[in-house]
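Remarks on the structure that follows.
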């Protein structure tokens, strides 16, 4: 029995049903065993919160209010940040619908839910966050990278295209290094992404804080095809210029 006189196991069944109805099937499947231990002495209203905490949603919660972890600045353990990074679209929708801040930043790195979703290639999550007010050109406080820079660096062309279609600044520089999305794509050898960025107006001869251009990063990465692409687009290399 729960301590307010309600039978515990029917209550657990109801709890599971509610969680399933709001799109948390993943957690029910993964963590259901935790519902059957440790509840002795708890008030009934705390049972759902205990289960939610055990699954990383930090208490989905008392009376279905968004907990502090979903709307406050609790760092990398924030529910929306975690769900976005993992690509859990239904959980992202659930949290945003109940008031979670789509532009919350990790106090440690300043990365937003959009940045985390973009760098992991979660296209549907990126689209949903943008539709709900995520700032496309926000820069993280630790590295100054935008969602576009992260997607370009990590090789997610569909995410890159979506961000560009929704106002991402193709020529924005990282506040920390001065690198652009094009430089990051070239450095990592992502030919298709570099080509897309050039088509969308990326400036080929922009230099970062070390004076290097995108072509310099192609040469460093030994990306011959990319180097040819940039050269045909008018790209110049600082190292080549200095060697003359």
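The values are calculated or read from the model by the stated rules, or taken from the named source; none is laboratory data. Since the structure is predicted, the reported quantities are computational estimates derived from the model, not experimental observations. Positions of Cβ are backbone-derived with ideal geometry, glycine not excepted, and every protein chain shown enters the neighbour counts.
Within the range 83-115, the set of residues being part of a helix (DSSP H, G or I) and within 21 Å of residue 139 (Cβ to Cβ) comprises 84, 85, 113, 114, 115. Can you tell which of 178, 192, 234, 167 is in a helix (DSSP H, G or I) and either out of contact with any helix residue (DSSP H, G or I) (no Cβ under 8 Å at 6 or more places or on another chain) or loosely packed, with under 14 Cβ neighbours inside 10 Å (or both)? It is 192.
Every listed requirement among (1) in contact with a helix residue (DSSP H, G or I) (Cβ under 9 Å, 6 or more places away or on another chain); (2) modelled with pLDDT under 95; (3) not in a helix (DSSP H, G or I) is met by residue 225 save one, (3). Would it be correct to say that residue 123 is crowded, with 17+ Cβ neighbours inside 10 Å and either at pLDDT below 95 or within 20 Å of residue 197 (Cβ to Cβ) (or both)? Here the answer is yes, as residue 123 does meet what is asked. Checked against the criteria, residue 84 counts as within 24 Å of residue 165 (Cα to Cα), at pLDDT 90 or above, in contact with a helix residue (DSSP H, G or I) (Cβ under 6 Å, 6 or more places away or on another chain) and crowded, with 20+ Cβ neighbours inside 10 Å.
The residues listed here are 185, 118, 134; of these, the one that is under 12 Å from the mean Cα position of the chain (by Cα) and in a helix (DSSP H, G or I) is 118. Among the criteria (1) modelled with pLDDT under 90; (2) within 11 Å of the chain's Cα centre (by Cα), the one residue 129 does not fulfil is (1).
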